[in-house]
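Just so it is clear, none of the values below were taken in a lab; they were calculated from the coordinates. From a predicted model like this one, the values you see are computed outputs, not experimental measurements. Reconstructed Cβ throughout: ideal geometry from the backbone, glycine too, with neighbour counts over all protein chains shown.
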Amino acid sequence: MGGRQRPPRVRTPRQGRAAGGGRVNARVEIARLEGYLAWEAEVSAAERDARAFAEQFPWLPAAERESLEQAYAADRLRYAEEVVDRAVERCRRLAARYRSECRRICTRWAALCLSVTLAAALFAVVPAALRG
């Protein structure tokens, strides 16, 4: 079919390199490799399905059948990229929501700990102040 479609846009991670050492984050690189392999598998499947679809029209000349294959594969890959983009956006929204919720819980927990510490300090100081 010739030429592969481009993979989904590369998303830059927040921490690609460790400070000072210049080492690459292994998890990020493994995730990139997995993404690349998954995309290549999607491209192969799209091309295979496009060929199978075009074979349903044996009366078409070879050039038109190849054009049909290319259009089918391109459309499928465009859709696959949109699905990936929507999933990534959903993950980002969920991550932001969870970070916000975590901050809220941590703030409440800190307020509770501070309140308990202040109450314990008052209970320790007030009786001593009343005696003296």
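Tabulated data for the structure shown
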| read-out | value |
| --- | --- |
| Cβ-defined net charge surrounding L33, 13 Å radius [Lys, Arg +1; Asp, Glu -1] | -1 |
| Dipole of the range 17-132, positive end: most advanced residue of L77, A50, A128 [Cβ charges, Cα centre] | A128 |
| Under-5 Å amide H pairs with N25, H placed in peptide plane, nonlocal only | A18 |
